[in-house]
Amino acid sequence: MFRALDDETRRLILDELSSRDGQTLFEICATLATRHGLGSSRQAVSQHLGVLESAGLVVTERRGRSKFHYFSSEPLAAITRRWPVVEKGNTS
Amino acid sequence: MRIHLTSIFVDDQRAALAFYTDVLGFTKRHDVPIGHDSWLTVVSPDSPDGPELLLEPSSHPAVQPFRDALVEDGIPLCQFAVDDVAVEYDRLLGKGVTFTLPPTDIGSAVMAVFDDTCGNLIQIIAAKAGTGDE
């Protein structure tokens, strides 16, 4: 999972999916190009999605004849279970 | 040289004619029987002498895998210009059309993608005023 997150394009893909979940490859490519000026090919984006899916950070679902990608935060929750986030500042 | 006709493959020409006229609002231009099929075209009522869209039978064996792969990835095969994507989105939703992409701002334009029920995804787009694209 850490390897999956160690790439700016893949982090941007997760940003876009967390702001609007359930996107096709076409939509992800369009938003990466128009909002972030990324010229990655569809094939490259498809490979990034494969890495994210293998890491469990993205899950796919078929609706009709199209495939939609969703952000899954479960692998990230495992991090905070291992290293719980402690709120500082409220304690005196 | 001018582009006067473009084509899309449709699973059923009669169902396609109904969708492209009754739902989308195009008008029939040519319907000439050729064997079991027809030379079937529609035009926009806004430009009846403008480019025709040929609704071509999808019976060639290469068509289905090609279109299935595009539809799986959400890639539209054809694009139509509209004045206001949000208005068309609401109108088509009301007619039971399924969208794979709701109206989305891409900077210079707003676009959306729907399923034409004939095997294709279609993009509608409206350029924003002042972008010099229209």
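The values are calculated or read from the model by the stated rules, or taken from the named source; none is laboratory data. Bear in mind the structure is a predicted one, so any value in this text is a computation, not a measurement. In this analysis, Cβ positions are derived from the backbone assuming ideal geometry, glycine residues included, and neighbour counts consider all displayed protein chains.
Conditions tested, residue by residue: (1) crowded, with 16+ Cβ neighbours inside 10 Å; (2) under 17 Å from B:Pro102 (Cβ atoms); (3) free of Cβ contacts under 8 Å to residues at least 40 places away in the same chain.
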position	(1), (2), (3)
A:Asp6	no, no, yes
A:Arg10	yes, no, no
A:Leu17	yes, yes, no
A:Ile28	yes, yes, no
A:Gln47	no, no, yes
A:Ala55	yes, no, no
A:Pro75	no, no, no
A:Trp83	no, no, yes
Looking at the range A:54-67, which of its residues are within 14 Å of chain B (Cβ to nearest Cβ) and polar (S, T, N, Q)?
-> A:Thr60, A:Ser66
Of residues in the range B:75-134 being among the acidic types (Asp, Glu) and away from chain A (no Cβ under 12 Å), the one nearest to the chain's Cα centre (by Cα) | B:Glu88
Take the range A:19-63 and flag every residue that is assigned to a helix (DSSP H, G or I), at pLDDT 95 or above and polar (S, T, N, Q).
-> A:Ser46, A:Gln47, A:Ser54
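Matching residues to (1) surrounded by 15 or more Cβ atoms within 10 Å (Cβ to Cβ); (2) in contact with a helix residue (DSSP H, G or I) (Cβ under 8 Å, 6 or more places away or on another chain); (3) within 13 Å of another protein chain (Cβ to nearest Cβ):
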site: A:Thr24; (1), (2), (3): yes, no, yes
site: A:Ala33; (1), (2), (3): yes, no, yes
site: A:Leu38; (1), (2), (3): yes, yes, no
site: A:Arg42; (1), (2), (3): no, yes, yes
site: A:Leu52; (1), (2), (3): yes, yes, no
site: A:His69; (1), (2), (3): yes, yes, yes
site: A:Ser72; (1), (2), (3): yes, no, no
site: A:Ala78; (1), (2), (3): no, no, no
Of all the residues that make up the range B:97-123, how many are surrounded by fewer than 17 Cβ atoms within 10 Å (Cβ to Cβ) and not polar (S, T, N, Q)?
-> 5
